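None of the figures in this text is laboratory data; all of them are computed from the coordinates on show. None of the values given here were measured: they were computed from a predicted structure. Methodologically, a virtual Cβ is constructed for each residue, glycine included, from the backbone with ideal geometry; neighbour enumeration extends over all protein chains shown.
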Amino acid sequence: MNMKKLITMMAISLLALAGCAPSTGSGSGHIVMADAGWDSIRLHNHVVGFIAENAFDLTWSEMSGSTPITYEAFKNGEIDVYTEFWTENVAPYRGDVESGVILELGVNFNDNYQGIYVPRYVIEGDAARGIEPMAPNLRTVKDLLDYPDLFVDEEVPSKGRIYGGIPGWAVDEILYKKFMAYGFDDTFIYFRPGSDAALSAAIISAYDRGEPIAAYYWEPTWLMAQYDLVLLEDEPFDADRFHEGLTEFGAADVTVAARKGFDTEFPEFTEFLSNYSTSSAMTSAALLHMQVSGDDYLNSAKWFLREYDEYLDQWLSAEQAAAVRQALN
């Protein structure tokens, strides 16, 4: 084979490979969504992704990483869409929206909560389980300072334990600042679980044994739909003091956001994302279904779309909604 034929064949092969390769760039019919590490964002990614495939003929994928890593990738244009952005947890978010670095398209849900929780039986007892109240006067986060002997750290028994945020999550820094600002470091250990699964496992294990535990958690989650936990009160929310850990989290707008320029490249899909609005209760129900049924994220997303079928008419045109329903059936 002479050199000219060899070069020609190599060029044809490269072109064929390029045509078969999955699209990785934005604006090519492929959407990259952020997976920042928790179940509800993955569920919403799969709901939105299913609609992207069946109503808009788009492909999609997720880019995984911690909150800071995915947020930087988002601002740099490597990630197209955040389906669940906890706005108050990331300090630069509001400024980046105002400057046009990212586009806030709408509110996914705003009936959410997060903070330090304890099982209700710790405060009120549980007669059915034979559990007496352990801390009947426990109301606030600062009240925990009176109970280091109740929430004992297994590794350092002379101190109590508070389960904090997941390393790499934006909330972890806020919670640790709260821990230090309130003076917990003298009598408590701030314990960072290695993952969402490790944190939920610790809460479930303590709850099933009827033992005390004080831990960070949030809503919506399947765990909050299944277990009776009480969110401890904190200082009233103040945006200027919140990131120093000095106030409660408060209910935040959990938004749908897109990278700069996304709306001009994908105008119809952007319109759908702007309409995409759910609730914490809907999300918790879907996550509980996933936990009980053993379904994966895709099948749980399909359950979600069937369970809340009427929302398709709010999010999509009649033709697009019909396409999604056909795909579900």
Exercise for review: Please figure out what share of the DSSP beta bridges in the chain is antiparallel and state it in percent, rounded to the nearest 5.
Suggested key: 60 percent
Revision key, fill the gap. per DSSP, antiparallel bridges as share of beta bridges in segment 113-242, % nearest 5, sits at 60 percent
Review point. Taking amide H positions as placed 1.01 Å from N in the peptide plane, with prolines and chain starts having none, which residues 5 or more places from Ser277, or on another chain, fall under 5 Å of its amide H?
Key: none
Study note, to complete from the structure: Any residue on another chain or 5+ positions along whose placed amide H is under 5 Å from the amide H of Trp60 is listed here as Ile31
Review point. Taking a label point 7 Å from the Cα of Val156 along the Cα→Cβ vector, which residues of segment 190-208 have an amide N closer than 15 Å to it?
Key: 190-193
Practice item. For the chain, set up a Gaussian network in which alpha carbons nearer than 10 Å are linked by springs, and say which option among Ile174, Ile162, Ile131 fluctuates the most. Key: Ile131
Practice item. Could you let me know the centre-to-centre spacing of segment 51-82 and segment 312-329, using Cα atoms, in angstrom? Key: 22 Å
Practice item. Using the Cα centre as the reference, give the magnitude of the dipole from point charges on the C-beta atoms of the chain (Lys, Arg: +1; Asp, Glu: -1; all else neutral), rounded to the nearest 20 debye. Key: 1160 debye
Practice item. Convert each backbone phi in segment 252-265 into a coupling constant with the Karplus relation 6.51 cos²θ - 1.76 cosθ + 1.60 (shift: θ = phi - 60°), then list the ³J(HN,Hα) values in order as whole Hz, x for Gly and Pro. Key: 10, 6, 9, 9, 9, 10, 9, 5, 4, x, 4, 5, 7, 7
Practice item. Would you calculate, for the chain, the mean residue ellipticity at 222 nm contributed by helices, counting each DSSP H stretch of 4 or more residues as -39,500 (n - 2.57) and dividing by all residues, to the nearest 500? Key: -12500 deg cm²/dmol
Study note, to complete from the structure: Ranking Pro167, Tyr217, Thr187 by how far each Cα lies towards the positive end of the charge dipole of segment 113-242 (+1 on Lys and Arg Cβ, -1 on Asp and Glu Cβ), the top one is Pro167
**Study point:** Nearest-ten-degree value, helix 196-209 long axis tilted from longest Cα axis of the chain
**Key:** 40 degrees
**Study point:** Inter-part distance where segment 213-253 and segment 111-176 are each reduced to a Cα centre, Å
**Key:** 12 Å
Review point. Just one of [x] 1.17; [y] 0.92; [z] 0.97 is Cα Rg over 2.2 N^0.38 Å as worked out from the coordinates here. Which one is it?
Key: [x]
